Amino acid sequence: MADQMVTISSEGKDFPAYVAVPRQGVLGGVIVIHEVWSLDEHTKDVARRLATEGYVTLAPNLLSGTELDGGLDPQLLQRAQNPETRDEAQKELRAKMAPLQSPEFATTTVNKLKSCFEWLIGKPEVQGHVAVIGFCFGGTYAFALAVHEPRLKAAVPFYGHADQSIEELRKINCPILAFYGEEDTGLTEKLPELIANMKAASRDFQYHVYPNTGHAFFNDTNPNRYNEAAAKDSWQKTLAFLSKNLQNSSQS
């Protein structure tokens, strides 16, 4: 496996991305979208793991050039979870997160992902077969890219929001495999509505909810959140999903 940083352009501006490439036997391409911490070593590790499985992997820094470049301060999140400092920290957290909620940010971020898709699908060895995987913030934008890019072959959102309408969901042209932790109630409480909307839109939506598991269970650099059993099982399911929807299509 080989890796390097590259520069992608969108809307006339450049942003960095990490690329991991198999030495041989390329089976397709995968975009990996980071959590709200920005492009970090965990995201790069996921990219390298995918490269060892045979996928050219592109992990962009979607927060580059924004006020959140470098991600949120983990200490702020810890203070927001501490009853003694929670009120003031949550106010600060909401203020820092506000730019991510704007329609302009969403449009710019989707356009960045479209540029990543064009970069990756332009590689001859990828053979036109590209999937997306995202975590939290990245899971939300994995759903979004599936809505906006009909050539996408598969999407794997880990604990992401999907607030699109049924009409928007009908634009999805690929199967989706989504993962959730049972204790992540902000998402699981909305899951029945999403399931119904996906069914109404006639989309191929698969999902798995891990019992006694919370948010960010896949992140092995976060000991307070990581769930080894759920992480290993979701990884195997992800690889099988990619094999079915990227490798098989590449060979057809």
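Bear in mind these aren't lab numbers, they're just calculated from the coordinates by the rules spelled out. Since the model is a prediction, treat every value here as computed from it, not as a measurement. In this analysis, Cβ positions are derived from the backbone assuming ideal geometry, glycine residues included, and neighbour counts consider all displayed protein chains.
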*May I ask you to compute the full-extension gain from Met5 to Lys96, defined as 0.36 nm times their residue separation minus their alpha-carbon distance, rounded to one decimal in nm?*
30.0 nm
*Kindly put Ile176, Ile31 in sequence by how many other C-beta atoms sit within 10 Å of each C-beta, fewest to most.*
Ile176, Ile31
*For the stretch 1-110: Kirkwood Rh in Å [reciprocal of mean 1/r, alpha carbons]*: 15.5 Å
*asked:* Quick check on the chain: helices-only [θ] at 222 nm, where DSSP H runs of length 4 and up contribute -39,500 (n - 2.57) each and the sum goes over total residues. Nearest 500, please.
replied: -11500 deg cm²/dmol
*For the chain, with the dipole built from +1 on Lys and Arg beta-carbon atoms and -1 on Asp and Glu ones, taken about the Cα centre, which of Gly214, Leu68, Ala201 lies farthest toward the positive end?*
Ala201
*Pick out, in residue order, every one of the trypsin sites (Lys or Arg not before Pro) in the stretch 11-112 that is DSSP loop and has at most 11 other C-beta atoms within 10 Å; say none if there are none.*
Arg23
_Quotient of C-alpha Rg and 2.2 N^0.38 Å, computed over the stretch 144-251_ = 1.09
*Over the stretch 1-109, what is the relative contact order in whole percent, taking alpha-carbon pairs under 8 Å and six or more residues apart?*
23 percent
_Debye equation applied to the C-alpha atoms of the stretch 81-120, log10 I(q)/I(0) at 0.17, 0.30 Å⁻¹_ = -0.59, -0.90
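Stokes-Einstein at 37 °C, 0.692 mPa s, Kirkwood radius from Cα pairs: D for the chain in µm² s⁻¹? Can you show the working numbers first?
Numbers: Rh = 18.4 Å.
Using the Kirkwood radius from Cα pairs, D works out to 178 µm²/s.
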*Given labels modelled 7 Å from the Cα in the Cβ direction, how far is it in nm from Arg23 to Tyr226?*
2.7 nm
*Fully extended, how many nm does the chain gain between Arg170 and Glu182 (0.36 nm per residue separation, minus their Cα-Cα distance)?*
1.6 nm
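Mind putting a number on the dipole of the chain about its Cα centre? Charges go on the C-beta only, +1 for Lys and Arg and -1 for Asp and Glu, and I need it in Debye to the nearest 20. Spell out each step's value before the answer.
Working: 24 positive and 31 negative charges, 168 e Å.
That gives a dipole near 800 debye.
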*How far apart, in nm, are two points set 7 Å out from the Cα along the Cα-to-Cβ line at Glu193 and at Gln206?*
2.7 nm
*Neighbour cut-off at most 12 other Cβ (10 Å), DSSP loop, trypsin sites (Lys or Arg not before Pro), the stretch 146-252*: Arg151
_Please list, ordered by chain and number, the residues whose modelled amide H lies under 5 Å from the amide H of Ala178; skip anything fewer than 5 residues away on the same chain._
Gln206, Tyr207, His208
*Rotationally averaged projected area of the stretch 125-167 (alpha carbon convex hull; nm²)*: 3.2 nm²
